[in-house]
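*Asks:* Sharing a structure, written as structure tokens. Questions coming.
Nothing in this text is a laboratory measurement; each read-out follows from the coordinates by a stated rule. Because the structure is a prediction, the values reported are computed rather than measured. Every residue, glycine among them, receives a Cβ derived from its backbone with ideal geometry; neighbour counts consider all protein chains shown.
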Amino acid sequence: MKGIGCTSLTRSEGSLDIMGRRFILGISGNIGAGKTTVVEILARHLGWEFYKEPAEENPYLKPYYEDPSRWGLHSQVYFLTSRFEEERRLSSLDKSYILDRTIYEDGEVFARIALKGDEYKTYLKLYRLAINYLPGPDLIIYLKAPIDVLIDRIKKRGREGESRISYQYLSTLDSLYENWIRTFKRAPIVIYNIERDINERAEFIRLLNFIEERLKNKL
């Protein structure tokens, strides 16, 4: 963390004391919301396992941004199978873990914008089959930030291919996320506004306490 280390936090500043119970925590949000940063910092601080979304490893993601209609199915199947394999591995462990975006967002948010017609119907069969073999999260935290903030963060991190991501694309994803949050029933979803930098000590403690309060409600 910038300026501080997770190990320097005291118990009173944020310990996420959940009485030793195993939890599955999902961190969701639009592109540029800061999911991976949040997941890595939380996992390091808590000593939990975590899944990092393989965005930079996906060989179809850059082609998808350049030609969505041709590469959408390739990219979505890559994400779905990679996430399924890793979530199966994590679910076999007797440890709490954190997910960098959930598998549900693949099928119910991103695939809806990437795929059309028969492609989406075919993909949906794979998606529905996969989720039946995975345990649902105890809690999903949706990281919400304004589109202008998302665009600024995307530009700063400079990932290959993401320069083609438009305001309209992010806005459409935002709308799909809002609908998903309203209708999703497999796990509770709570919204956390994350306009500030999670690397700031005060912001990290605020997020940690926010998560702890809601996980304790699950005990």
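*Asks:* Where residues in the range 83-125 are touching a Ser or Thr at 6+ places or on another chain (Cβ under 9 Å) and hydroxyl-bearing (Ser, Thr, Tyr), which of them is nearest to residue 50 (Cα to Cα)?
*Replies:* Ranking the candidates gives 97 first.
*Asks:* Turning to a different aspect of this structure: Which one is farthest from residue 174 (Cα to Cα) among residues in the range 78-98 that are touching a helix residue (DSSP H, G or I) at 6+ places or on another chain (Cβ under 7 Å) and hydrophobic (A, V, I, L, M, F, W, C)?
*Replies:* Of all residues in the range 78-98, those touching a helix residue (DSSP H, G or I) at 6+ places or on another chain (Cβ under 7 Å) come to 79-80, 83-84, 87, 97-98.
This time we only want the ones that are hydrophobic (A, V, I, L, M, F, W, C), so: 79-80, 84, 98.
Details: 79: 19, 80: 20, 84: 24, 98: 22 Å.
Applying the filter and picking the extreme gives 84.
*Asks:* What are the residues in the range 28-70 that are surrounded by 16 or more Cβ atoms within 10 Å (Cβ to Cβ), in contact with a Gly (Cβ under 9 Å, 6 or more places away or on another chain) and of a type outside the set (Ser, Thr, Tyr), if any?
*Replies:* Scanning the range 28-70 gives 35, 38, 45, 61, 62, 63.
*Asks:* Restrict the check to the range 197-211 and report whether at least one residue is farther than 19 Å from residue 45 by Cα, surrounded by fewer than 15 Cβ atoms within 10 Å (Cβ to Cβ) and either touching a helix residue (DSSP H, G or I) at 6+ places or on another chain (Cβ under 7 Å) or of a type in the set (Ser, Thr, Tyr) (or both).
*Replies:* Within the range 197-211, the subset farther than 19 Å from residue 45 by Cα is none.
No, that holds for no residue.
*Asks:* Sticking with this structure for a sec: Can you tell me which of 160, 119, 178 is among the acidic types (Asp, Glu), on the phi < 0 side of the Ramachandran plot and either touching a strand residue (DSSP E or B) at 6+ places or on another chain (Cβ under 9 Å) or not in a helix (DSSP H, G or I) (or both)? If you could, list the steps in order and put the result at the bottom.
*Replies:* Working: 119 fails: either touching a strand residue (DSSP E or B) at 6+ places or on another chain (Cβ under 9 Å) or not in a helix (DSSP H, G or I) (or both); 178 fails: either touching a strand residue (DSSP E or B) at 6+ places or on another chain (Cβ under 9 Å) or not in a helix (DSSP H, G or I) (or both).
Exactly one of 160, 119, 178 is among the acidic types (Asp, Glu), on the phi < 0 side of the Ramachandran plot and either touching a strand residue (DSSP E or B) at 6+ places or on another chain (Cβ under 9 Å) or not in a helix (DSSP H, G or I) (or both), namely 160.
*Asks:* From the list 173, 126, 207, which one is touching a strand residue (DSSP E or B) at 6+ places or on another chain (Cβ under 9 Å), under 27 Å from residue 97 (Cβ atoms) and in contact (Cβ under 8 Å) with a residue 40 or more places away in the chain? Walk me through it before giving the result.
*Replies:* Working: 173 fails: touching a strand residue (DSSP E or B) at 6+ places or on another chain (Cβ under 9 Å); 126 fails: touching a strand residue (DSSP E or B) at 6+ places or on another chain (Cβ under 9 Å).
Of the residues listed, the single one that is touching a strand residue (DSSP E or B) at 6+ places or on another chain (Cβ under 9 Å), under 27 Å from residue 97 (Cβ atoms) and in contact (Cβ under 8 Å) with a residue 40 or more places away in the chain is 207.
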